[in-house]
Amino acid sequence: MLIILKKLQQISSLFSVSSFESEPILQFRLEMFKRIIFVCIACIALFNFYFLYVGKYLTFAVLCIALVAYFACYYLAKLKSVKMGSALFLAASTGFTCFFMWRNEGLFDEAIIAFPGFLIFAVMISSFTLARWLLVFIIVNVLAIGLVNEYGIYTHPTNASDLDSAIVLSIMLIMVSASAYVAFVSIHRLLNNLSAENEKVKKSQREIFRLQNHDPLTGLPNRILAQQIFEERLKIGNREGFETSLLFIDLDNFKTINDTYGHATGDELLKAIAQRLQNSIRDTDTACRFGGDEFVVVAMHERNERFDHESALAEKLVKGLSETISIEHAQVSPTVSIGISVAPTDATSFEELYKKADLAMYAAKESGRNAYQYYSTEMQSNSARYLKIAQALRNALSNNEFELHYQSTQRLSDGKVMSAEALLRWHHPSIKDMYPDEFIPIAERSGRIQEIGAWVLSEAVKTCKSWHQNGFEDMSIAVNVSAIQFHRGNFAELVKTVLEENKLDGKYLTLELTESLLFDIKNKFSDTVSKLVKMGVKIAVDDFGTGYSNLGYLHKNDISILKIDRSFISKIHESSHDLALVESMIQMSKSLDMAIIAEGIETEESRDKLRNMACHYGQGYLWNKPMNAARFADFLKGN
Ligand code: C2E
Ligand code: MG
Ligand code: MG
């Protein structure tokens, strides 16, 4: 028997449609099928007790066969063969019902009330085709009984409504309604499951949307969503006469904060900034984060309201975002630069508008940071190369594109090489002819100078140490330092760490600062210089003579070297005025007890003239052009 059932199941799986059904539906049909068979088995068992009791043994025997058939159906259900199991169930049930109708009271037999139940079962659990065939079979059967009785071929007895009929009818009703109940419970459960599934799908769709469109750290919309929001606003704006602007917000010194306080603090700061941003904007504006320290606000305003709304907002943001934030043990004072571009005046595409806001943001940084700027067409003209360089600078350090070159400084009296100046070179794969005069100011404006300056310092000190190790123990190194390096971060601490790491005495390091920086003496600055001087580090005034005429700063004892700018040196032969200036600079250095270096000496004549004027040291192409570390080491050995 089991073998036959297994064979049947294999055959049924060949033409089964269940593989196209979703798992919950299949499960539902299976569950419902099992429950209905269970109900039927229980009811048939009840019938059997009754028929045994009243002594109807033939009926009892037929129903026993029906029971076996139902158990077989149950077994098929367990094997998950719904189609074959339900077909067997319907065949057995309809067959036995017809048998009882023919044998007993024909169309008045109680068994007939099972037919609607079988038809519903066929539709719900089996298939429409089977249900259709079943209906045809039942109608043919009913008609046949009718015809047989009509033509007197056989006349079914019709018993009066007695207790026997009532009991059979009651069990039949219990069987049909219990099956209907079971079917209802299963459908209910299925619907609940489906709606729970649906809810889960919706939830995960919402989560996917959130992840795809929001920045995970701050929860703000990301670039993708910002673009969608912008495009929607632009449409509304065009229709209703509004303008849409992008405010590109960049934290001025985020890199330093990250380096100084660590990334966890950096993340906290970004979250706090995001929160402040949200609190500062109107409901109709949207704050987004584009990654790193870049935020964008998409704002809408009436046409004539542009300067009122955006300027007020930008001012509010510049002030509000830069208030001191306490994060863990740190007190962080971030400042922001904001660039604003407006659609449709400046551009209508998001990308174009974003680029223009970015340009305006750089202009804001250029104007001294902690400020905002509207985009203007002039920014575009000289910006292409500027932007290219500013962007390339972002990865220059990590791509190892920087190199230091060294140019010697010699004592003019005997030509002895005393020190070397470290000069930065950038080998970018596509941007050609870039010298520090061009890229250093861009690095300063785009906030990259600190990391670059720190690299230069460390590399230069390391190289100086290597000269000492190779027997040139008197060699000093001069490193150019930007004003921003002094003003932001703890520069003195950085110098101390670099010297300690390389085990180099501070007296071998000279820091070259420009006059403008020295003139701009603020408390923090003098504090830093004093700390450096205490470490033995020498401070040189670079490009001396080109800056401020006020020389008050020279009274401070902190400065030990003056470097005469090469523009004077190159003209000492042709201009008596420049010669006089150089002479007075040399005199001044003597009276202030400072060493003096002439920059840009290209000829022997200039060298001799300067030596005769008692200039101590000289630097220039006469001796060497700046060269890389390996070549400079050879140069030292050759001296
Ligand atoms: P600087 O500190 O005054 O450096 C001297 C500049 O004059 C160097 O140009 C050097 O190559 C050039 N020079 C030296 N001798 C002669 C000569 O005989 N004739 C002529 N015509 N030029 C000579 P460079 O390397 O292009 O650097 C330009 C400026 O860029 C530097 O002026 C300095 O202010 C800045 N710079 C260079 N490296 C760094 C750096 O690592 N950090 C910072 N903050 N600034 C740097
Ligand atoms: Mg210099
Ligand atoms: Mg110079």
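The values are calculated or read from the model by the stated rules, or taken from the named source; none is laboratory data. Here the structure is a predicted model, which is why all the values come from computation and not from measurement. Quick reminder, even Gly has a Cβ in these numbers, built from the backbone with ideal geometry, and neighbours come from all protein chains shown. Ligands, DNA and RNA are excluded from the accessible area calculation, which covers all protein heavy atoms including side chains. Shrake-Rupley method; radii C 1.70, N 1.55, O 1.52, S 1.80 Å.
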Among (1) outside the structural domain of ASN370 (by TED's automatic domain parsing); (2) open to solvent by 70 Å² or more (accessible area, probe 1.4 Å), where does ASP215 come up short?
(2)
For the stretch 492-514, give me the residue count where each residue is open to solvent by 10 Å² or more (accessible area, probe 1.4 Å) and within 22 Å of GLU366 (Cα to Cα).
1
Looking at VAL537, VAL541, VAL533, can you tell me which residue is open to solvent by 50 Å² or more (accessible area, probe 1.4 Å), modelled with pLDDT of 90 or more and in the same structural domain as GLY506 (by TED's automatic domain parsing)?
VAL533
Identify all residues within the stretch 110-133 that are open to solvent by 20 Å² or more (accessible area, probe 1.4 Å) and touching a Leu at 6+ places or on another chain (Cβ under 8 Å); write none if there are none.
GLU110, ILE113, LEU119, LEU130
Residues ALA357, ALA396: which one is closer than 26 Å to LEU225 by Cα and in contact (Cβ under 8 Å) with a residue 40 or more places away in the chain?
ALA357
Closer than 15 Å to ALA390 by Cβ and touching a residue at least 12 places away in the same chain (Cβ under 8 Å): does that describe ALA363?
yes
Would you check if LEU423 is in contact with a Pro (Cβ under 7 Å, 6 or more places away or on another chain) and either aromatic (Phe, Trp, Tyr) or within 13 Å of ligand 1 (Cβ to nearest atom) (or both)?
yes
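Which one of these is hydrophobic (A, V, I, L, M, F, W, C) and either more than 60 Å from the chain's Cα centre (by Cα) or under 22 Å from THR158 (Cβ atoms) (or both): LEU88, LEU67?
Details: LEU88 fails: either more than 60 Å from the chain's Cα centre (by Cα) or under 22 Å from THR158 (Cβ atoms) (or both).
The unique qualifying residue is LEU67.
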When the stretch 416-432 is examined, which residues are found to be over 23 Å from ALA460 (Cα atoms) and open to solvent by 30 Å² or more (accessible area, probe 1.4 Å)?
PRO429, SER430, LYS432
Only one of (1) within 29 Å of ALA272 (Cα to Cα); (2) surrounded by 13 or more Cβ atoms within 10 Å (Cβ to Cβ); (3) modelled with pLDDT of 90 or more does not apply to GLU366, and that is (3)
Do the conditions hold for ASN399, that is, is it farther than 30 Å from PHE242 by Cα and in a helix (DSSP H, G or I)?
no
So, SER311, is that one small (Gly, Ala, Ser) and more than 25 Å from SER446 (Cα to Cα) or not?
no
Being open to solvent by 50 Å² or more (accessible area, probe 1.4 Å) and more than 19 Å from SER170 (Cβ to Cβ) is the filter here; which residues of the stretch 43-60 pass it?
TYR57, LEU58
Can you name the residue in the stretch 235-266 that is surrounded by fewer than 16 Cβ atoms within 10 Å (Cβ to Cβ) and aliphatic (A, V, I, L, M) and, of all such residues, is nearest to ILE452 (Cα to Cα)?
ALA264
Is it the case that the stretch 557-565 has a residue that's open to solvent by less than 60 Å² (accessible area, probe 1.4 Å), within 16 Å of ligand 3 (Cβ to nearest atom) and of a type in the set (D, E, K, R)?
yes
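Kindly provide the set of residues from the stretch 150-167 that are part of a helix (DSSP H, G or I) and open to solvent by less than 50 Å² (accessible area, probe 1.4 Å), ordered by number.
Hits for the stretch 150-167 are ASP164, SER165, ALA166.
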Specify the residue that is nearest to the chain's Cα centre (by Cα); the eligible residues are those in the stretch 412-431 that are away from ligand 2 (no atom under 16 Å from the Cβ) and in a strand (DSSP E or B).
TRP426
If you go through LYS524, LYS507, the only one that is outside any strand (DSSP E or B), at pLDDT below 90 and away from ligand 3 (no atom under 13 Å from the Cβ) is LYS524
Picking from VAL456, VAL461, which residue would you name as being in contact with a strand residue (DSSP E or B) (Cβ under 7 Å, 6 or more places away or on another chain), in the same structural domain as ALA629 (by TED's automatic domain parsing), at pLDDT 95 or above and more than 9 Å from ligand 1 (Cβ to nearest atom)?
VAL461
Which residue is least open to solvent (accessible area, probe 1.4 Å), if the candidates are limited to the stretch 462-491 and must be closer than 29 Å to ASP634 by Cβ and without any contact (Cβ under 8 Å) to a residue 40 or more places away in the chain?
VAL481
Does the stretch 267-324 hold any residues that are surrounded by fewer than 17 Cβ atoms within 10 Å (Cβ to Cβ) and of a type in the set (Val, Ile, Thr), and which are they?
THR284, THR324
Looking at ALA77, ALA66, ALA72 in this structure, which one is in a helix (DSSP H, G or I), modelled with pLDDT under 90 and touching a Gly at 6+ places or on another chain (Cβ under 9 Å)?
ALA77
Residue in the stretch 195-217 that is assigned to a helix (DSSP H, G or I) and closer than 28 Å to PHE100 by Cα present
no
